[in-house]
Amino acid sequence: MNPWHWWRALVVVGCWIGFLDTLLEAAPRNLNFIPVGVARVDLSPTNAVPLMGYAARAGLPAPTNLAQHIHARALAIGSRSQAAVLIAIDNCILPGSITDDIRSRLAQRVGLAPAQVALTVTHTHSAPCLTGAAPNIFARDLTPTEQEQIAAYTVYFTERLEEAARLALERRRPARLSWGRGSVGFAKNRRTPGGPVDHDLPLLRITDPNGELRAVLVRYACHCTTLSGELNAVHGDWAGAAAEAFEREHPGAIALVAIGAGADANPDPRGTIELATRHGEALAAEAARLVKLPLQDLPTAPACRLQTLQLPFQPHFTREEWIRRSTNSGIVGFHARRWLARMNRGETVSPTLPYPVQTWAFGDRMAMVFLGGEVVVDYSLRLKRELDPQRLWVNAYANDVPCYIPSRRILDEGGYEAETSLWYYDRPQRLSPTIEDQIVEAVREQLPKSFRIDPACGESPPPRTPMDAPRAFRTTRGRPPHHAGVP
Ligand SMILES: [Zn+2]
């Protein structure tokens, strides 16, 4: 071979090596694509059904009118039976029995483990009652007609949730997951003027490989109570308005809305559909701003864990105390008479409340927490102190809403979230102050130790987006340098 041929052969080999290098370089980026499917189904009732949320509706007829359509929106992340499925639902109070039902259907049909399925509700107070949810809401027995209406809607609702999950699983195709955080200001502490709130708006973005937006998931810690009980019509409140506004501005994309630990926060101001729309549009505008930013990639589907805790109640009332309480009017007397009847039938009362704690860890880049019940803000603030706030996402109203979940502080202070709300939920007594440590410890135990914060390093204010905190988000696999893993 003459020197020219040698030279040409070298150039060709060099070009191939360069090409292979390019391919190898591109490979890790391609690995960032995860199969993701999204779906939305309508949950609006087609027949009359009583609405959950306000005791004041006890004397109103079951409505038939829709002020806004309500939906379930589902997200399926990951391959085959390893997928994680989230269903974000426009409803007020989700009984754990429905989550159990959906999980067992998805286990049978797709092979998903319970930890891979999460259900969240927006807590809109203008959605239909579900069987088993806050059964004392009207401080009277439900009529046979109401029971039938609620049972029929519950069957329809459950079928629709399964359909949403099935469609999301079927529609999985390569996508890129990324996340960041913004802030919205309409949540206000409703117990204490100027009291604590969590205004963070974490956002998960799902785009096609070509960058086209397919869905967002956002979470905001606030009651979905802009509308009062006087509006006896179906509506998604600010969460429904936010999804509607975002989807209108981003045709083809789906907006899932979950609720954080905001059980002691109300939207401010409140009272009309116009205000619910205004809050929803404020949230949608912030989400629209975030989706345009260079958010942090999440290259893996989540590792899912689930545990059912047993939260102790404080010692139950004695029979004499129940008898004394039963002479009261309204909810206190109605609740006591129900429990006395149970005692008279010889039923035993559980000393504990089953309580779901679920986590999805996206590698060590972000941890999504799902807490059951109406969780007060102290849990979010404490978890953000004990775990890296820059990588933590706390959902509440998830999988089961058995009652309020007060903190130690709120149990000390007393009031609606600590006690009087329990009678509507048909719970026998206050929860123990030990539940706060129990729940926080369960979250800490489920997540990789790399999420734990080193108390000696103090706390820095969380950045709003990866761009605001390049060091925190861009160090090795997203772990901030001062939050090295603590065993
Ligand atoms: Zn509530």
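The values are calculated or read from the model by the stated rules, or taken from the named source; none is laboratory data. In this text the structure is predicted, and so the values were computed from the model without any measurement. Note that we place each Cβ from the backbone using ideal geometry, even for glycine, and neighbour counts take in every protein chain shown. For accessibility, only protein heavy atoms count, side chains too; no ligands or nucleic acids. Shrake-Rupley method; radii C 1.70, N 1.55, O 1.52, S 1.80 Å.
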What would the Debye formula give as log10 I(q)/I(0) at q = 0.06, 0.11, 0.13 Å⁻¹ for the alpha-carbon point model of the chain, no solvent?
-0.29, -0.89, -1.23
Around G182, which amide H atoms from residues at least 5 apart in sequence, or from another chain, sit under 5 Å from its own amide H, with H modelled in the peptide plane?
L201, L203
Helix 435-446 vs. the chain, principal-axis angle (Cα, 0 to 90°, nearest 10)
20
Given a 1.4 Å probe, the accessible area of the chain per residue, as a whole number of Å², is 41
Under the Karplus relation with 6.51, -1.76 and 1.60 and θ = phi - 60°, whole-Hz ³J(HN,Hα) for the range 289-296, x at Gly and Pro, equal 5, 5, 5, 8, 8, x, 7, 7
Rounded, prolate or oblate: which one fits the range 87-170, using the alpha carbon gyration tensor with axes a ≥ b ≥ c (rounded when a/c is under 1.5, else prolate when a/b beats b/c, else oblate)?
prolate
Pairs of alpha-carbon atoms within less than 8 angstrom and 6+ residues apart define the contacts here; what relative contact order does the chain have, in percent?
16
As I understand it, the dipole of the chain uses +1 on the Cβ of Lys and Arg and -1 on the Cβ of Asp and Glu, about the Cα centre. Which of W423, G180, S44 lies farthest toward its positive end?
G180
If you stretched the chain out fully between N344 and Y156, how much longer would it get, using 0.36 nm times the residue separation minus the C-alpha to C-alpha distance?
64.2 nm
Given the options F313, P128, G414, identify the residue whose Cα lies farthest towards the positive end of the charge dipole of the chain (+1 on Cβ of Lys, Arg; -1 on Cβ of Asp, Glu).
F313
What distance in nm separates the simple spin-label points at R408 and A233, each placed 7 Å from Cα in the Cβ direction?
4.8
Residue (of T272, Y156, L119) at the positive-pole extreme of the chain, dipole from beta-carbon charges
L119
Calculate how many DSSP beta bridges within the chain are antiparallel, expressed in % of all such bridges and rounded to the nearest 5.
75
What are the lysines whose alpha-carbon lies under 30 Å from the alpha-carbon of K188, with same-chain residues fewer than 8 places away excluded?
K292, K384
Angle between the Cα long axis of helix 144-170 and the longest principal axis of the chain, 0 to 90 degrees, nearest 10?
10
I need the calculated FRET efficiency for the pair R248 and N65, taking r as the beta carbon distance and R₀ as 25 Å, to the nearest 0.05.
0.70
Using a 1.4 Å probe over the heavy atoms of the protein chains, calculate the carbon and sulfur portion of the accessible area of the chain as a whole percent.
56
Measure off 7 Å from each Cα along the Cα-to-Cβ vector at T192 and D454, then give the distance between these two points in nanometres to one decimal.
3.1
Roughly how big is the chain's charge dipole about its Cα centre, with Cβ charges of +1 (Lys, Arg) and -1 (Asp, Glu), in debye to the nearest 20?
920
Quick check on packing: order 93-102, 312-321 by the mean number of other C-beta atoms within 10 Å, highest mean leading.
93-102, 312-321
Direction-averaged shadow area of the convex hull around the Cα atoms of the range 239-313, nm²?
8.4
Would you please put 139-150, 182-193 in order of how densely packed they are, using the mean number of other Cβ atoms within 10 angstrom per residue and starting with the highest?
182-193, 139-150
Can you give the helix-only mean residue ellipticity at 222 nm for the chain, where every DSSP H stretch with n ≥ 4 adds -39500 (n - 2.57) and the sum goes over all residues, rounded to the nearest 500 deg cm²/dmol?
-10500 deg cm²/dmol
